[in-house]
Amino acid sequence: MILTYEEAHGFYLEYVTEYKQCFVSLGEGSFDEVVAPHVGGDPLPLPAAFFVTPLEASRIVEEFLCSGTRGQSIKWGLRSEQGWHYGYPDAE
């Protein structure tokens with residue numbers, strides 16, 4: 001489980017399965033609004049749609065610590081199915 005925080009939008013969560021499937025949190029934000037929290041000093045462009053509230057994130061972390069799974073108290077989506085490429089157009 002990977003958590004990334006952005007003060008105005010909350011948390012972006014990633015969960016990678018043992019089979020290398022990457023799930024991302026899906027909140028109420030828009031795919032048109034780009035948020036760029038800094039990770040390791042570098043901006044990471046993400047859609048606001050990937051962010052959930054701190055309360056939702058804390059529930060997911062609790063579920064993860066108890067079960068070792070991603071939990072079901074928020075909506076998840078496969079990252080590969082979201083059509084988001086970190087602000088860069090699809091490579092052809």
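Assorted remarks:
- If you go through region 3-21 and keep only what is in a loop (DSSP other than H, G, I, E, B) and either open to solvent by less than 80 Å² (accessible area, probe 1.4 Å) or under 18 Å from S80 (Cα atoms) (or both), you end up with H9, T17, E18, Y19, K20, Q21.
- All conditions but one from (1) within 17 Å of I2 (Cβ to Cβ); (2) in contact with a strand residue (DSSP E or B) (Cβ under 7 Å, 6 or more places away or on another chain); (3) modelled with pLDDT under 90 apply to R70; the one that does not is (3).
- Out of V24, V34, sole residue that is in contact (Cβ under 8 Å) with a residue 24 or more places away in the chain, under 17 Å from Y5 (Cα atoms) and open to solvent by less than 50 Å² (accessible area, probe 1.4 Å): V24
The values are calculated or read from the model by the stated rules, or taken from the named source; none is laboratory data. Everything numeric in this text was worked out from a predicted model, so none of it was measured. Cβ coordinates were reconstructed from backbone atoms using ideal geometry, including for glycine residues, and neighbour counts include every protein chain displayed. Quick note on the areas: whole protein, heavy atoms, side chains included, nothing else; ligands and nucleic acids left out. Shrake-Rupley method; radii C 1.70, N 1.55, O 1.52, S 1.80 Å.
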